[in-house]
1. Which label belongs to the value computed from this structure, given these candidates for P(r) over Cα pairs in 10 Å bins from 0, in percent: (i) 6, 29, 35, 21, 8, 1; (ii) 6, 26, 31, 23, 11, 3, 0; (iii) 7, 24, 28, 20, 13, 6, 2, 0?
2. For D146 paired with E86, estimate the spin-label separation in nm (one decimal), with each label point 7 Å from Cα along the Cα-to-Cβ line.
3. Whole-Å semi-axes of the range 103-259's equivalent ellipsoid, largest first, each the root of 5 times a Cα gyration tensor eigenvalue?
4. Using the alpha-carbon atoms, what tilt in degrees (0 to 90, nearest 10) does helix 245-260 show relative to the longest principal axis of the chain?
5. Which length gain, in nm to one decimal place, applies between Q100 and Q185 when the Cα-Cα distance is subtracted from 0.36 nm times their residue separation?
6. With a cut-off of 8 Å between alpha carbons and a minimum separation of six or more residues, what is the relative contact order of the chain in percent?
7. Tell me, which longest segment in the chain has none of the GluC sites (Glu not before Pro) that fall in DSSP loops with at most 16 further Cβ atoms within 10 Å?
8. Name the long-range amide H neighbours of L46: under 5 Å, sequence gap of 5 or more, or other chain; modelled H, no Pro or chain starts.
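Laboratory data are not the source of any read-out in this text; all were calculated from the coordinates shown. Because the structure is predicted, anything quoted here is derived from the model rather than measured. All Cβ positions, even for glycine, are placed from backbone atoms using ideal geometry, and neighbour counts span all protein chains on display.
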Amino acid sequence: MKKKWSMAAGAAVLAYAVGGLSPVVAASDGKLQAIEKAGVFKVGVLTNEHPFSSKKITSDGFEGFDVDIAQYVAQEIVNDKPIEIEYVGVTKATRVPLLQGGDIDMLVATLSITDERKKVIDFSIPYYPAPIGIMVPKDSDLKTLDDLANKTNCNPQGSAAWMFFQEGMKNVGKHEVLETIDVVQLPSPTDCLLALRQKRDVDFIAGDYATMLGQITNAPELVMMDDTVGEELNQFGIAIAQGNDDLVAEVNKAICKSFSDGAWEESFSKWFVGGKPPQGWPQQCNN
């Protein structure tokens, strides 16, 4: 039987390693005690990124796959301590600055793990693989990766999608096509979506495949191309401000538990209806 999203905390400390997830010892303590002293655990989630995270229409709060993950992890960490879990709405542009500034303690917001970001924040083990898909108008002539030559992509500010799209295109031998593509940046995914729907100087959007599947449910004039790129490159992680190894360790432990007890797969099935988890997911953690 699959367990629900409220579990008691376990007692393993884990980190990501090549070939699996292996135990390590946390290097420092302190953040968890600070959260307990404050009596509140602030968790950042996106406000408009269905099916990962968005504001509820009929009530206060947030819902989506990332929100399920955030809730599960936070409840594991809080357990039976007198700590309130507070969800804070963020955007792709504000999510990292808010984490660095101490406005939130943990960030679960479709944040791709990159070497550049590792210089300024810490990441958990990956909790979701994110291939890059291509969204186009239904009446578009764009059908294959080669058709993207001399076209314009929209990339939201603060998103790493364009970087992963570039690397993915190179990996499948589409260097020449890539060199001809123009890119415009707009403040948010919603702005890019509106520009594409209205055909305002945007021919396609390259972004997280699952996120865009959710977006087109409310935009029937848009479709996804069959081709995806970058499956091997782009993975989401939970972000923590640097220097908080104790909290990172607890987050990793909770993610691993969600993989093993069925909670991760339960949420995936709920939010990505009809979709199957990518091969090898959920991951296996080595105890």
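1. The listed entry that was calculated here is (i).
2. Going by the 7 Å Cα→Cβ label model, 5.6 nm.
3. Numbers: eigenvalues 186, 53, 41 Å².
Calculated on Cα positions only, the semi-axes equal 31, 16, 14 Å.
4. 70 degrees
5. Details: separation 85, 0.36 × 85 = 30.60 nm, distance 2.34 nm.
This chain segment gains 28.3 nm when fully extended.
6. Values: 557 pairs, mean separation 84.0, N = 287.
Here the relative contact order equals 29 percent.
7. Numbers: sites that count: E221, E232.
Counting only loop sites that pass the neighbour cut-off, the longest clear stretch is 1-220.
8. HN-HN under 5 Å from L46: V90.
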